[in-house]
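Worksheet for the structure shown next.
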Amino acid sequence: MLLPAFALHQPTSVDGAVALAARLAPDFDWVAGGTDLLPNYKQRLNARPHVVSLARVAELRDLSTSRIGALVRLRDLERDPAIRATFPALADAASQIASTTLRESGTVGGNLCLDNRCYYFNQSELWRDAKGGCLKVAGPICLVVPTQKENICWAAYSGDLAPVLQVLGASVGIAGPDGRRTVPLVEFFQPDGIRRNVLARGELLTHVEIPETAKAYRAGYRKLRQRDTIDFPILGVAAAVHLEGDTVRDVRVSLTAVDTIPVWIDLADERDKRMSLAWIERIAARVLERVQPVKNVSLRPGYRRKMAAVLTRRLLVALTT
Ligand SMILES: Cc1cc2nc3c(=O)[nH]c(=O)nc-3n(C[C@H](O)[C@H](O)[C@H](O)COP(=O)(O)OP(=O)(O)OC[C@H]3O[C@@H](n4cnc5c(N)ncnc54)[C@H](O)[C@@H]3O)c2cc1C
């Protein structure tokens, strides 16, 4: 399948990229590794006339345990000795994304800014035309929840890194025409499969910051997908616990691919508790209560919901024993 025609721009600095974006907005997309954007372009999913590549912006390539540049490739994150030693859950989640070949090109920034996915959206032009299109591409309504009053897009956020970075307490750096800012990752995503996140047109994600306090946590990630060799998650659960002996000082859980944004579970009342199987069951029950998937991927919502509790339970057992 051929790409549609577009003008490719290749700035070499963040300031240059932002200035270019200000001139081209709203008729452009950023591209990093292109493993998400370009397949979508080939399917004629909202392709734009200008594409601004970040590949030559060297300042986006930092990689340390406290700062990960947006242009760091997933394969480098997965293999970095310091990341593997300090945040094994992050390296593990990265290693489960797509395939080795795709991870050689795919980046951390592209993963966090991944377009939301849906059974009705990620289809060929012919397939979509037969349905009359959906809200996210040329149609009047969201076909996942056609009767809703709000008429928002219910495509699923399906990135693997976001829940792990959220439980580690990460923030993201953003650069745009109005300067630079930092946003906690739990506040970065927006509950609409078209809007997706807080980035305004012309803003780009520059890096991820992981606080020093994350080192006190044991974290992990469990992923459910149809084919372990390549598929996107249909469910992913990340958890982090801060243990002092038998006492759980803090617990954090976040899930991906079950809603339009990563789902952060508020567990403030489960802090400072003695670790026990009953405590784990309470948290699994909270996940079951909070997670309400809709029919936007090929597997049934009821199955994904039950598996969210199952994977949470398995992960917390592994992290606390
Ligand atoms: C077959 C297949 C399987 C896949 N499986 C998985 C999977 O299991 N898990 C998973 O998480 N992903 C999966 N992916 C998606 C993708 O490979 C990864 O998410 C990858 O990390 C995307 O990074 P990229 O640099 O290629 O993004 P790109 O395609 O370059 O960009 C993705 C989106 O982010 C925007 N963007 C990129 N960088 C920035 C930035 N710095 N600031 C602002 N916006 C930006 C782009 O405009 C675009 O909208 C899969 C893709 C394919 C084709």
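The values are calculated or read from the model by the stated rules, or taken from the named source; none is laboratory data. Please read all numbers here as calculations on a predicted model, not as lab measurements. As a convention, Cβ positions derive from the backbone with ideal geometry for all residues, glycine included, and neighbour counts pool all protein chains shown. Protein only, heavy atoms only, side chains kept; ligands, DNA and RNA dropped before computing areas. Shrake-Rupley method; radii C 1.70, N 1.55, O 1.52, S 1.80 Å.
Structure summary
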| quantity | calculated |
| --- | --- |
| Kirkwood Rh and Cα Rg combined as Rg/Rh, the chain | 0.97 |
| Mean accessible surface per residue for the chain, computed with a 1.4 Å probe while every protein chain stays in place, in Å² | 45 Å² |
| Heavy atoms of Asp259 accessible to a 1.4 Å probe, total area in Å² rounded to 10 | 40 Å² |
| Region 20-80-region 111-137 distance, computed between alpha-carbon centres (Å) | 20 Å |
| Carbon/sulfur fraction of accessible area - region 61-212, other protein chains in place, 1.4 Å, % | 50 percent |
| Computed over region 169-275: relative contact order in percent, which uses C-alpha pairs under 8 Å that are six or more apart | 20 percent |
| Within region 61-212: Cβ-based charge dipole about Cα centre, in debye rounded to nearest 20 (Lys, Arg +1; Asp, Glu -1) | 260 debye |
| Dipole axis of region 1-143 (+1 Lys, Arg; -1 Asp, Glu on Cβ), positive-most option in Val72, Gly139, Leu37 | Gly139 |
| Reachable lysines, given that their alpha-carbon falls under 24 Å from the alpha-carbon of Lys149 and they are not under 8 places away in the same chain | Lys131, Lys136, Lys295 |
| Segment Val317-Thr100, extension gain: residue separation times 0.36 nm, minus the distance between their alpha carbons | 75.2 nm |
| Size of electric dipole in the chain: Cβ of Lys, Arg +1 and of Asp, Glu -1, about Cα centre, debye, nearest 20 | 840 debye |
| Where labels lie 7 Å past Cα in the beta-carbon direction, separation of Lys215 and Arg79 in nm | 2.6 nm |
| Rel. contact order, % - alpha carbon contacts under 8 angstrom, at least six apart, the chain | 16 percent |
| Order of exposure, largest accessible area first, which applies to Asp129, Asp62 with probe 1.4 Å | Asp129, Asp62 |
| Using alpha-carbon coordinates, inclination of helix 277-290 to the longest axis of the chain, degrees | 30 degrees |
| Region 182-302, dipole about Cα centre (Lys/Arg Cβ +1, Asp/Glu Cβ -1), debye to the nearest 20 | 440 debye |
| Potential lengthening between Lys306 and Lys42 on full extension [0.36 nm per residue; Cα-Cα distance subtracted] | 91.5 nm |
| Relative frequency of Cα-Cα separations exceeding 21 Å in region 13-140, percent | 49 percent |
| Length-normalised contact order of region 216-320 in % [C-alpha pairs under 8 Å, at least 6 apart] | 26 percent |
